[in-house]
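Read-outs: derived from the displayed coordinates by stated rules, not from any lab. In this text the structure is predicted, and so the values were computed from the model without any measurement. No Cβ is skipped: glycine too gets one built from the backbone with ideal geometry, and neighbour counts run over all protein chains shown.
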Amino acid sequence: MAKKLKVTQVRSIIHTQREKHKVVMESLGFRRNYRTLYKNDSPQVRGMLEKVRHLVTVEEIDEKDIPAAAKKSAGFTLVDGPGSGS
């Protein structure tokens, strides 16, 4: 099976000393603390994680071990009304 990386942000980027760390975290997809993302294992991703290793924890997992994401509700339902033209 394909290898994936389970990456969890464990420290805030607010007090990082370098702007480069903030840019790398945003490019990885992190927006808040304690979020977990699943990334493909590639040299490019490994290089970015090496730059911010003090802000994240990384685990190697199989692709089958990734939990299924819950389907989010939009909060409303679209119904064809009398003016829909169909």
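A few notes on this one:
- Between the residues Q17, Q44, S27, the greatest Cα displacement towards the positive end of the dipole of region 3-65, with unit charges on the Cβ of Lys, Arg, Asp and Glu, is found for Q17.
- Ratio of the Cα radius of gyration of region 3-65 to 2.2 N^0.38 Å, where N counts its residues: 1.06
- Remark: region 47-52, residue by residue, has Karplus-estimated 3J(HN,Hα) of x, 5, 5, 5, 5, 10 Hz, where x stands for each Gly or Pro and the curve is 6.51 cos²θ - 1.76 cosθ + 1.60 at θ = phi - 60°.
- Count Lys and Arg as plus one, Asp and Glu as minus one, and take only other residues whose Cβ is under 12 Å from that of K4; the net charge is then -2.
- Loop chymotrypsin sites (Phe, Trp or Tyr not before Pro), region 1-56 (other Cβ atoms within 10 Å of the site Cβ: 12 or fewer; DSSP): Y34
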